[in-house]
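A short write-up of the structure that comes next.
Rule-based calculations on the coordinates, nothing more; no lab input. Owing to the predicted nature of the structure, the values given are computational and were not obtained by experimental measurement. Glycine also receives a Cβ, built like all others from the backbone with ideal geometry; neighbour counts cover every protein chain displayed.
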Amino acid sequence: MSQENVDVVRRMYARLADRGAWRRGDYDDVFRDFCTRDYQMIPPPIYPDAATSYRGLEGVHRWQRFMDEIWADWDFQAERFFDAGAEVAVFVRTSGTARQSGAPVEIPVAHVLTLRDGRVTRLEVFLDRHEALEAVGLEE
């Protein structure tokens, strides 16, 4: 089942690669196709003014609005996937332009996704990739 989970996550990130889809609202379909209704996204605790978690499709919309307040543009690209059974760790490169300063930013982060019955139920963002691997019991 774990390789199937990696395949699900790869397909989801492939669909998320179209950054313009955020603006068109196309990610509602990605949510419905890949996530459970009780999906929860957990940002790093260091993010100022972020909620501790974002739930369901409305949570995805709230997160998008929050990110749009900080970034003039932003993007993320999956770089590497790690099989951890019911969890999949993904090394992600996040980039964008800070809205306030206009400075370009590129940050290597990790996402840990938990799957249930072939659907993503939780996504946690880690600023430290090593910490993300430790969270799922893996080493690089």
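Each Lys and Arg contributes +1 and each Asp and Glu -1, all at the Cβ; summed about the Cα centre of the chain, the dipole is approximately 440 debye.
When the Cα positions of Val30, Ala86, Gly96 are compared along the charge dipole of region 21-105, Gly96 comes out farthest toward the positive end, with charges on each C-beta of Lys, Arg, Asp and Glu. The mean sequence distance of close C-alpha pairs (under 8 Å, at least 6 residues apart), as a share of the length of region 2-135, puts its relative contact order at 25 percent.
Among DSSP beta bridges lying fully in region 2-135, give the percent that are antiparallel, nearest 5. Close to 90 percent. For helix 2-16, report the angle its Cα long axis makes with the longest principal axis of the Cα atoms of the chain; keep it between 0 and 90° and round to the nearest 10°. In the chain, helix 2-16 runs at an angle near 20 degrees to the longest axis.
Candidate values [x] 35, 17, 13; [y] 27, 16, 13; [z] 23, 18, 14 were compared with semi-axes √(5λ) of the Cα gyration tensor in Å computed on the shown model; the agreeing label is [z].
For the chain, the longest principal axis of the alpha carbon atoms and the long axis of helix 56-70 meet at an angle near 40°.
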